[in-house]
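Novice: Please find one structure pasted underneath; my questions will follow.
The values are calculated or read from the model by the stated rules, or taken from the named source; none is laboratory data. Only a predicted model underlies this, so the values are computations on that prediction, with no experimental measurement involved. All Cβ positions, glycine included, derive from the backbone under ideal geometry; neighbour counts span all protein chains shown.
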Amino acid sequence: MSATLAFELPPSLEAHEPPEERGLARDGVRLMVATAHDGRIVHARFRDLPDFLEPGDLVVVNTSATLPAALPARRSDGTVLKLHLSTPARRGSGDGWWVVELRSANGASPYSRVEVGDRFELPAGASAEIVSPEPFASSGTRRLWIARIEAPALLADYLHRHGHAIRYGYVPRDWPLASYQNVYAREPGSAEMASAGRPFTPEVVTALVTRGILVAPVTLHTGVSSPERSEPPYPERYRVSAATARLVNAAHLWGGRVIAVGTTVVRALETVADPDGAVDEGEGWTSLVITPDRGLWTVDGLLTGWHEPEASHLEMLRAAAPEELLERSYRAALGRGYLWHEFGDSHLLLP
């Protein structure tokens, strides 16, 4: 991370609850718009998003839906923990092999006293056995593990009966899974909400379409975000359809801009992009890590949230916008009281 983006996030700028609990509509959160070509920064509300885009632009959203991926877990010594399911494991077989993270009971901190062979009791007679460290986790960390989950039903059904949305220490209480779903979410698979899209409402989508701004879907199932502190992102499942690929290519041909809603959309689109910006359909697992040196090949603008100072996502932002503009944006967000995390405010980076 660049030193210019080093900062301390005060607890007062952490969003502790959904904006609806603060008297705001989803699209009532704040939106900062930063434009690279003229260095301008504008402060607005998310419902004003269509005002900053042009007919012929293409907004690409992630339609992955959030799983209730957090389960209470009890270690054999009686320690009460949280088990967070991240992504299906690519080794092993069947429904129950997952990359997992163990955290303290309130989700505030990772639990590191984990060894291969440990077993944890889960609700309704289910269990989790630690099989191995996650091979793609950064060296030196013991945060992510491969576990075999034994449950009395298909895991998706079991989670919907006994799981709840993952939350961290800055959110002091549980909220319904609906609070963690984007309005256009369709396919369950994400451990955590692709939160850049949370402020969208049917009214905002309608306003975009009626102004001639296109909207297209991709799917990228997110893993747990907690490892993003100084660690590169690990492999995630994605799908870019032929229809979306055609729209991306067409938008560039007619001079429109491709605006990615969230870093997940950037990762999916850039995985199937060529250096000249053309994209093709594709699906599978992506291990792409976007850095300023690699740059963005097909995405022109990015709608995102506000990232913590040690988050590797900041490297992607440095690929999307000039560093001086990012520095001014983050300084303005801190000074004007923008809110961080999944229930917080938004940041639109335009070329």
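Novice: Does residue 262 satisfy being among the small types (Gly, Ala, Ser), in the same structural domain as residue 58 (by TED's automatic domain parsing) and either within 26 Å of residue 145 (Cβ to Cβ) or over 21 Å from the mean Cα position of the chain (by Cα) (or both)?
Specialist: no
Novice: Please enumerate the residues belonging to region 44-64 that are crowded, with 16+ Cβ neighbours inside 10 Å and on the phi > 0 side of the Ramachandran plot.
Specialist: Matches in region 44-64: none.
Novice: Which strands (runs of 3 or more DSSP E) sit wholly inside region 18-128 and have at least 3 residues that are under 18 Å from residue 225 (Cβ atoms) and touching a strand residue (DSSP E or B) at 6+ places or on another chain (Cβ under 8 Å)?
Specialist: Where strands (runs of 3 or more DSSP E) fall fully within region 18-128 and carry at least 3 residues being under 18 Å from residue 225 (Cβ atoms) and touching a strand residue (DSSP E or B) at 6+ places or on another chain (Cβ under 8 Å), they are 64-66, 80-88, 97-104.
Novice: From the list 169, 212, which residue is out of contact with any Phe, Trp or Tyr (no Cβ under 7 Å at 6 or more places or on another chain), among the small types (Gly, Ala, Ser), surrounded by fewer than 19 Cβ atoms within 10 Å (Cβ to Cβ) and not assigned by TED's automatic domain parsing to the domain that holds residue 55?
Specialist: 169
Novice: Among the residues of region 54-70, is there at least one that is among the hydroxyl-bearing types (Ser, Thr, Tyr) and over 16 Å from residue 236 (Cα atoms)? Can you show your working first?
Specialist: To start, the set of residues in region 54-70 that are among the hydroxyl-bearing types (Ser, Thr, Tyr) comprises 63-64, 66.
If we keep only those that are over 16 Å from residue 236 (Cα atoms) as well, we get none.
No, every residue in region 54-70 fails to be among the hydroxyl-bearing types (Ser, Thr, Tyr) and over 16 Å from residue 236 (Cα atoms).
Novice: Moving on. Please find, among 115, 121, 101, the residue that is at pLDDT 90 or above and crowded, with 21+ Cβ neighbours inside 10 Å.
Specialist: Criteria check complete, one pass: 101.
Novice: Do you know which residues across region 159-181 are within 20 Å of residue 62 (Cβ to Cβ) and touching a helix residue (DSSP H, G or I) at 6+ places or on another chain (Cβ under 6 Å)?
Specialist: 165
Novice: Let me ask something additional. Output yes when any residue across region 34-42 is touching a Leu at 6+ places or on another chain (Cβ under 8 Å), within 16 Å of residue 304 (Cβ to Cβ), surrounded by 18 or more Cβ atoms within 10 Å (Cβ to Cβ) and not polar (S, T, N, Q), and no when none is.
Specialist: Taking every residue of region 34-42 in turn, at least one turns out to be touching a Leu at 6+ places or on another chain (Cβ under 8 Å), within 16 Å of residue 304 (Cβ to Cβ), surrounded by 18 or more Cβ atoms within 10 Å (Cβ to Cβ) and not polar (S, T, N, Q).
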